[in-house]
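Engineer: Have a look at this one.
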Amino acid sequence: MVTRPMSQPCGRRTVTDGVELDSTIIWSVYLVRCADNSLYTGIATDVARRFAEHQAQGPKTARYLRGRAPLTLVFQCPAGDRSAALKLEYRIKQLPRADKLRLVAGDRQLLLSPPE
């Protein structure tokens with residue numbers, strides 16, 4: 001096993017505190033519709049895995065989603081790195097419900113318009 005000093009570049013990966021972080025991971029933003037017809041917005045690197053965690057209603061389920069099953073994944077969009085995903089998530093969360101529903105219906109122009 002090769003050991004490297006902490007926080008030293010290792011190809012495309014960076015070693016930080018003994019954990020390798022892949023800088024090529026694509027983050028996505030997703031929306032989930034709950035049984036009460038409310039919408040939940042989140043980010044993940046693997047939306048299918050994260051949605052399965054939400055549906056399992058176990059310890060890794062977002063608190064907002066507990067007890068609101070059945071859940072439906074209604075939207076997902078790749079956002080780039082984690083920072084970009086967090087910014088896009090924030091923008092989506094600031095949208096009025098009507099605009100979120102337009103986004104779910106396929107109107108991606110809402111994502112292209114500059115933030116207000």
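Engineer: Taking the beta-carbon count within 10 Å as an exposure proxy, list LYS93, LYS100 from fewest neighbours to most. Show your work: numbers first, answer last.
Structural biologist: Numbers: LYS93 13, LYS100 18.
Arranged by neighbour count, lowest to highest, LYS93, LYS100 become LYS93, LYS100.
Engineer: Add +1 for every Lys or Arg and -1 for every Asp or Glu among the other residues with Cβ under 12 Å from the Cβ of THR61, and state the total.
Structural biologist: Residues near THR61 contribute +4 overall.
Engineer: ALA69 versus ARG102, label points 7 Å from Cα toward the beta carbon: distance in nm?
Structural biologist: Those two pseudo-labels are separated by 3.5 nm.
Engineer: Next question. In the neighborhood of LEU73, defined by Cβ-to-Cβ distances under 11 Å, what is the net charge if each Lys or Arg adds +1 and each Asp or Glu adds -1?
Structural biologist: +2
Engineer: Of LEU39, LEU101, LEU112, how do they rank once you tally other Cβ atoms within 10 Å and put the fewest first?
Structural biologist: Neighbour counts put them in this order, fewest first: LEU112, LEU101, LEU39.
Values in this text are rule-based calculations from the coordinates and carry no lab data. Source: prediction; values computed, not measured. Note that each Cβ is placed from the backbone with ideal geometry, even for glycine, and that neighbours are counted across all protein chains shown.
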